[in-house]
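Take a look at the structure set out below.
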Amino acid sequence: MKINEYYRDTANLNLNGSIAALVPTIMIVALNLSIIKHRDIMLFTIPFLIFSMINFQLYLFRMKQSIGISRNIVKSEISKESIFEARHLLLMYMNTQSSRLHFYFPNGYLAGMVKKYRGSGWERLKPSRTYALYNFNNEVLGFFKVKGKNSMKIEVFGRNRLLLGRFEKKSQGWRKAQKELFDGFGRYVGSIEGSSVFMDEKVLDHRHQDIGRLRRGWMPLEWDPLFPEPNTPVLSFSDVLSEEDKLLRMSFLINEYFIER
């Protein structure tokens, strides 16, 4: 999957919304013409028509972006690079009934995604707040299990289901929270600090040194032909982190995209 396909899928969602908004409009018109026959009833169609037109314009805009990107993207083999080997990843969130967070390499190819883990067999019948990280081949790389509400914890497991650690968020008043990371033995390994106004989250180690960052509004100009929105979030990690370390620190993305949103 390439980034132009993401924009195409987003465009189709807007088109579906535009068509769906026409259904109540048609029903109101048909009901009024056949039974009610009152001119003022037609005013109820205005909000649905406006919503339909806005979504159709968004559909055209997203399709234009998708076509433009497809012309710029280099047609080469899918990158064999692991999502954990990338220094920078661009994040695209698709807010649907089954929301997904997509990770893209700077070359426009899909690196992986996070989505709710459904499991198989009896696992599907159990109520669960578990998310999984998948690579571009749809293979599971790790799990994130959300627990609690006011004092929230996200336990992180490797692909072999071994506990790697946890993310903890404790409320400290209005719009303030303490976000900390612990390893599988309960030892403090770092924290997440950022702004409550705009997206700029810093991943810090136990010495308070920057080892990762998620920020919006920072994107090299050379990526612009493939990522036309300059506010596309960019996730960066230090090269010194292992695969398990990065997976543990990615847990803050579950809070950022699937819980706080």
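The values are calculated or read from the model by the stated rules, or taken from the named source; none is laboratory data. What you see is a predicted model; the values in this text were computed from it and never measured. Methodologically, a virtual Cβ is constructed for each residue, glycine included, from the backbone with ideal geometry; neighbour enumeration extends over all protein chains shown. Keep in mind that these areas ignore ligands, DNA and RNA; they rest on the heavy atoms of the full protein, side chains included. Shrake-Rupley method; radii C 1.70, N 1.55, O 1.52, S 1.80 Å.
Per-structure values
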quantity: Evaluation of Ile67 against (1) open to solvent by 50 Å² or more (accessible area, probe 1.4 Å); (2) not in a helix (DSSP H, G or I) (one fails), failing number; calculated: (2)
quantity: Condition broken by Ile154, with the remaining ones in (1) under 21 Å from the mean Cα position of the chain (by Cα); (2) in contact (Cβ under 8 Å) with a residue 12 or more places away in the chain; (3) open to solvent by 40 Å² or more (accessible area, probe 1.4 Å) satisfied; calculated: (3)
quantity: Where Gly212 falls short, out of the listed (1) free of Cβ contacts under 8 Å to residues at least 40 places away in the same chain; (2) surrounded by fewer than 18 Cβ atoms within 10 Å (Cβ to Cβ); calculated: (2)
quantity: Any pair with Cβ under 6 angstrom, 6 or more apart, that starts in region 72-88 at a residue that is at pLDDT 85 or above and ends at one that is β-branched (Val, Ile, Thr); calculated: His88/Val234
quantity: Candidate set: region 129-151, residues that are over 19 Å from the mean Cα position of the chain (by Cα) and of a type in the set (Gly, Ala, Ser); chosen: the one modelled with the lowest pLDDT; calculated: Ser151
quantity: Sole exception among (1) touching a residue at least 12 places away in the same chain (Cβ under 8 Å); (2) surrounded by fewer than 15 Cβ atoms within 10 Å (Cβ to Cβ) for Arg187, by number; calculated: (1)
quantity: Tally, over region 21-50, of residues that are open to solvent by less than 70 Å² (accessible area, probe 1.4 Å) and either free of Cβ contacts under 8 Å to residues at least 24 places away in the same chain or more than 39 Å from the chain's Cα centre (by Cα) (or both); calculated: 7
quantity: Residue count for region 215-245, restricted to those that are under 26 Å from Leu162 (Cα atoms) and within 17 Å of the chain's Cα centre (by Cα); calculated: 2
quantity: Among the candidates Ala20, Ala111, residue that is under 18 Å from Asn138 (Cβ atoms) and among the aliphatic types (A, V, I, L, M); calculated: Ala111
quantity: Filter result for Lys116 (farther than 25 Å from Met199 by Cα, out of contact with any Gly (no Cβ under 6 Å at 6 or more places or on another chain), open to solvent by 40 Å² or more (accessible area, probe 1.4 Å) and of a type in the set (D, E, K, R)); calculated: no
quantity: Residue satisfying condition, being among the aromatic types (Phe, Trp, Tyr), assigned to a loop (DSSP other than H, G, I, E, B) and open to solvent by less than 90 Å² (accessible area, probe 1.4 Å), within set Phe227, Phe252; calculated: Phe227
quantity: Boolean, Arg161 is closer than 24 Å to Phe182 by Cβ and either at pLDDT 95 or above or part of a loop (DSSP other than H, G, I, E, B) (or both); calculated: yes
